[in-house]
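Remarks on the structure that follows.
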Ligand code: SF4
């Protein structure tokens, strides 16, 4: 399975971390595995330090190589055989479901799992467990953009065009995105854009590494992006920058949006957001007069209780300017996790079946049940979004057992201390991981599973490009793949369908299950991916073309037109007050990834970013009597974090920031809000009210 040019000690693959899925070569040299960047359209020969050091975890001393089962007598995790661990899980599932019904067992997946695993996990939940309770941490990544994309375009593909199009955009507007830190090789495309004379405009409450490179930086108060977008459209209307022909021919619903944004007077939005009217005007003129323009959103705009509406406001702007579907132009979302895109297409999401089908659509159920060889009436209905699922664990009527694959919600969930207590209250918690994450440390059974370089599979990157992961070597003794775990558990549970452990076999089945769906992979084969540097979905025909660019002629809506969505600003779920007078926002740093389970164990990354911190503006630090490096306490109504202060003028004086990669005392999510978006279920990670004091 190794694409190696014949050398068994070498494999062409992709980085295990973010959605850029940079191309790399792994090479076994002596007793270590070397990472070499390779030319691939997303990274063009570049890697960030996370990618360079990714292979260090393959032989890391913290690596789990034997199952662990909690000893009821001592309460400690003890090594066990695979048979004993799997028997314990199967017996626990049976006991819980016999006593409390099928929905008493839940599954929690991850946006880093391959397409094959995401598909198999969704099938396992619906067919082997017959529970409606499955969701995944991708819900906390781009679900707001996904929902807004479906609302407007009838389809959600992070970027509906290849990444290289960024380099050709005359104006590029980045909203709540900081690729200079989160996806550094992407900056090569932005450098192209700059070399061609393009303009970069960044919307971000912080002066990030990306914002420093911008021609114009709008620095709004967190939680006011929607109002900013509506004001931009207001100005576009008053300055005659609307593409009337495009709006008439390719969209519906503009009149209502026009009426809505009429009330967003720029001067009022300046008072609300802090963004000067002159900057709003300059932004609209740069977008509206450019021959090509792209608007991108990311977590800063999306991780709000109004995240879907915020994205819709920027989509409205893009549609009014006639951008989506025009060459070198459009709207897109920068997906975060490695398989954030593919992870949501194949059935890990509570409301979806493979092929991006709705689970409550009778035709979709019929098709997928046919592929699985089960009765459609036996498939459960939709579950609930990730936070609601975790919050219901152990409550009356809620799940009492959960299987976690590729996720660490003890660090990554909002209101994390509360979620941690929910997990502790379960009758059975099973975690499959290759390291003892904070969540695995709470489990009754921990299963040691393979890493990315030890198994084949596919990922779908932020462009909707399906990629091949090639295994370099077998998993070490004692370690099994996630797929093999599902095979074994399905057999023990007498599942009425097959669960192959071979990823090639799973992918063949996935292609059939996705056929005819929005995310149609029927024409994608592993061989074709290797030959073409990936295949863009939809690709329904093995002999037909794939689809690098969507929307050139029509949108995926019943009438082929994009739909405007009138949206209005509303305040954050938790306003500041006398007791909690500051805004708190979270984000990432270059050297760490997600909950840090992996990257905190890599020596070079630990040196680069050894611990959590709290960013404070110098004026605020003065007021609080805090100096650089002092430990500060950040408290919200839900909990607190303690970490050293980083005093910097790059943040607003009314806002504090902490990265979310650390557990323990520095856990940023101890503080975050559990308010969620009513449409997407996205938690409001990006704003809540806190007070800060010197610890
Ligand atoms: Fe590329 Fe992302 Fe990996 Fe860095 S973490 S090397 S940007 S895929």
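Every number here is computed from the coordinates shown, using simple stated rules; none is lab data. Only a predicted model underlies this, so the values are computations on that prediction, with no experimental measurement involved. No Cβ is skipped: glycine too gets one built from the backbone with ideal geometry, and neighbour counts run over all protein chains shown.
Placing R0 at 56 angstrom, the Cβ-Cβ distance between residue 623 and residue 76 gives a FRET efficiency of 0.75 after rounding to 0.05. Value of Rg to Rh for region 10-57, rounded to two decimals, is 0.94; Kirkwood radius and Rg both from alpha-carbon coordinates. Across region 353-428, the convex hull enclosing all Cα atoms gives 126 Å³ per residue. Spatially, region 255-322 and region 598-644 are offset by 32 Å when compared through their Cα centroids.
With neighbour counts taken as other beta-carbon atoms within 10 Å, the residues 181, 527 rank, fewest first, as 527, 181.
Based on DSSP, what percent of beta bridges with both residues in the chain are antiparallel, to the nearest 5? Here the antiparallel bridges make up roughly 45 percent for the chain. The alpha carbons of the chain stretch over 69, 64, 54 Å along the principal axes, in descending order. Counting neighbouring Cβ atoms within 10 Å and putting the fewest first, the residues 387, 580, 331 line up as 580, 387, 331. Based on alpha-carbon atoms, the Kirkwood radius and the radius of gyration of region 412-505 give Rg/Rh equal to 1.03.
Based on alpha carbons, the Rg and Dmax found for region 1-145 are 19.8, 55 Å. Take every pair of alpha-carbon atoms less than 8 Å apart whose residues are at least six positions apart; their mean separation over the length of the chain yields a relative contact order of 19 percent.
Inter-label distance, residue 194 to residue 31: 4.4 nm, where each label sits 7 Å from its Cα along the C-beta direction.
Label zone of residue 417 (point 7 Å out along Cα→Cβ, amide N under 17 Å): in region 661-695 this covers 662-675, 688-695. Once the chain from residue 65 to residue 256 is taken as fully extended at 0.36 nm per residue, the excess over their C-alpha distance is 62.9 nm.
Relative intensity of region 582-694 on a log10 scale, I(q)/I(0) at q = 0.09, 0.21 Å⁻¹, equals -0.23, -1.13, per a Debye sum over C-alpha point scatterers of equal strength in the absence of solvent. Using the Cβ-Cβ distance between residue 285 and residue 245 with R0 = 25 Å, the FRET efficiency computed as 1/(1 + (r/R0)^6) comes to roughly 0.80. Here 265, 452, 140, 526 are placed in order of increasing Cβ neighbour count within 10 Å, fewest first, which gives 265, 526, 452, 140. Fully extending the segment from residue 532 to residue 84 would add 156.9 nm, taking 0.36 nm per residue of separation and subtracting the current Cα-Cα distance. Both radii were evaluated on the Cα set of region 143-334; the Rg over Rh quotient, with Rh as the Kirkwood radius, amounts to 0.92. Summary of packing: across the peptides 563-576, 18-31, the per-residue average of other C-beta atoms within 10 Å ranks them, highest first, as 18-31, 563-576.
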